[in-house]
Amino acid sequence: MEELIAALRAEGMRITESRKAICEVVAATGDEHLSAADVGERACQTLGRPVDQSTVYRTLDVLETLGFLHHVHLGHGPGVYHLSEDAGHHHLVCENCGAAVDVPLTDVSPILDKVAAQHGYTVRGAHFALTGLCGDCQTA
């Protein structure tokens, strides 16, 4: 949390109680993938009062720009954020039940690199998840 706050301060952002609460929530996410609304709701619970949603978005945007967070879309819902230290993965998401599986980069990077090279691209990230049906939903 302190590292996130220091990074925001270095970017010239005011460190308000709301921003501290947002950083606390982000630092405590572990392997969770949270939407901006989730972060805002948890920050409100931490503070015991509302947090302006624009403050949540601005703070998450700066933390993403600084490399602390990654932003990904897991299907049709809102984008979610997760800590960059946990970003060594892509995502598979079930279109039916919404189950999400983190897939290590080592499992998918060779394939993505090959496809990208065939088309003259360099893959720089995985902003969108691969969607389909999980094993349970296929069986059902």
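I'd like to check something: does the stretch 122-138 contain any residue that is aromatic (Phe, Trp, Tyr) and either farther than 16 Å from Gly77 by Cα or assigned to a helix (DSSP H, G or I) (or both)?
Filtering the stretch 122-138 down to residues aromatic (Phe, Trp, Tyr) leaves 128.
Narrowing the set further to residues that are either farther than 16 Å from Gly77 by Cα or assigned to a helix (DSSP H, G or I) (or both) leaves none.
No; the residues of the stretch 122-138 include none that is aromatic (Phe, Trp, Tyr) and either farther than 16 Å from Gly77 by Cα or assigned to a helix (DSSP H, G or I) (or both).
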Seminar exercise, completed: When the stretch 35-60 is checked residue by residue, the ones that are in contact with a helix residue (DSSP H, G or I) (Cβ under 6 Å, 6 or more places away or on another chain), open to solvent by 20 Å² or more (accessible area, probe 1.4 Å) and of a type outside the set (Lys, Arg) are Thr46, Leu47, Pro50, Gln53, Thr55, Tyr57
Exercise. Restricting attention to the stretch 15-34, and to residues there that are modelled with pLDDT under 95 and either in contact with a Cys (Cβ under 7 Å, 6 or more places away or on another chain) or of a type in the set (Gly, Ala, Ser) (or both), which single residue is most open to solvent (accessible area, probe 1.4 Å)?
Worked result: Ala28
Exercise. Taking the stretch 106-140 only, how many residues are among the charged types (D, E, K, R) and touching a strand residue (DSSP E or B) at 6+ places or on another chain (Cβ under 9 Å)?
Worked result: 2
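Looking at this structure, is Leu92 open to solvent by 70 Å² or more (accessible area, probe 1.4 Å), touching a residue at least 24 places away in the same chain (Cβ under 8 Å) and more than 16 Å from Ile22 (Cα to Cα)?
Yes.
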Exercise. Considering only the stretch 43-83, how many residues are at pLDDT 90 or above and at positive phi?
Worked result: 1
Problem set entry | So Ile111, is it closer than 28 Å to Leu4 by Cβ, modelled with pLDDT of 85 or more and either assigned to a helix (DSSP H, G or I) or among the basic types (Lys, Arg) (or both) | no
For this session: Those residues that are free of Cβ contacts under 8 Å to residues at least 40 places away in the same chain, under 23 Å from Gly67 (Cα atoms) and open to solvent by less than 80 Å² (accessible area, probe 1.4 Å), I need them from the stretch 102-132; list them, please.
Result: Val103, Pro104, Leu105, Val108, Ser109, Leu112, Val123
Problem set entry | Matching option when the condition is open to solvent by less than 50 Å² (accessible area, probe 1.4 Å) and farther than 16 Å from Met1 by Cα, among Gly75, Gly67 | Gly75
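The values are calculated or read from the model by the stated rules, or taken from the named source; none is laboratory data. Everything quoted here is computed from the prediction, not taken from an experiment. In this analysis, Cβ positions are derived from the backbone assuming ideal geometry, glycine residues included, and neighbour counts consider all displayed protein chains. Only protein heavy atoms, including side chains, enter the accessible area calculation; ligands, DNA and RNA are left aside. Shrake-Rupley method; radii C 1.70, N 1.55, O 1.52, S 1.80 Å.
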